[in-house]
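The values are calculated or read from the model by the stated rules, or taken from the named source; none is laboratory data. What you are looking at is a predicted structure, and each value in this text was computed from that prediction instead of being measured. Every residue, glycine among them, receives a Cβ derived from its backbone with ideal geometry; neighbour counts consider all protein chains shown. Calculation scope for accessible area: heavy atoms of the full protein, side chains included, ligands and nucleic acids excluded. Shrake-Rupley method; radii C 1.70, N 1.55, O 1.52, S 1.80 Å.
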Amino acid sequence: DLLGSEAATQQRVNAEAEMQEAARAWLVLRLAGAMLDDALERHRATRQDPLMLRASGLFAALTGGAFSGIGQSFGEDDAQVLRGIRANGEEVAIEGLSEGTRDQLYLALRLAYVEDYAARAEPAPFIADDLFTNFDDARTAHGLRVLADVGAQAQCVLFTHHRHVADLARAELGAGLDLIEL
């Protein structure tokens, strides 16, 4: 039965060699996949859409620097997902933002689009009715300054029935404010 044990030993040695080869191939594929994922993320980071870059800057201004901008990542299905990036670099999912910060994010995206459109075509006025209803005074002040900046490319008209918004506009914009009281 010595011949049978030699055959079994040879089969075991062959199986071990096949397992090592399969493990090596798996590891090479796994590392290659990780390297490709990393290269794809670096490429996406360097090829950021100018509209998103502008929205990111507007979001930082609207939040008074509490957020440094907007990040983009890609989910499992490769769908783009937006995130707020705090000043310390922490990324926050949209669901994790407060209602006021989500409003600021939406406004940043909208204003970036308005500026982009104004650069390519006859700009239509951006008309906002009680835009800052859910904003506290600090957020409102930041928003007024951003609207004034966007006003260089497109006319921004803000309707409000809140006296404190008009008072903040006077304080923030001074002579640059064209206020019409009804």
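For segment 32-182, the solvent-accessible area works out to 61 Å² per residue, with a probe of 1.4 Å and every protein chain left in place. For segment 14-113, pairs of C-alpha atoms spaced more than 18 angstrom apart make up 57 percent of the total. Calculated on C-alpha atoms, the gyration radius of segment 108-182 divided by its Kirkwood radius gives an Rg/Rh of 0.96.
Amide H contacts of GLN155 (H built 1.01 Å from N, in plane; Pro and chain starts excluded): PHE126 sit under 5 Å, all sequence-distant by 5 or more or on other chains.
Highest mobility in the GNM of the chain, judged by mean-square fluctuation with C-alpha springs under 10 Å and restricted to LEU105, LEU144, LEU168, is found for LEU168.
Rounded to the nearest 10 degrees, the angle from helix 50-62 to the longest Cα principal axis of the chain is 60 degrees. The Kirkwood radius of the chain, taken over pairs of alpha-carbon atoms, gives through the Stokes-Einstein law at 20 °C and 1.002 mPa s a diffusion coefficient of 105 µm² s⁻¹.
Counting charges near ALA23 (Lys, Arg +1; Asp, Glu -1) among other residues having Cβ under 14 Å from its Cβ returns a value of -1.
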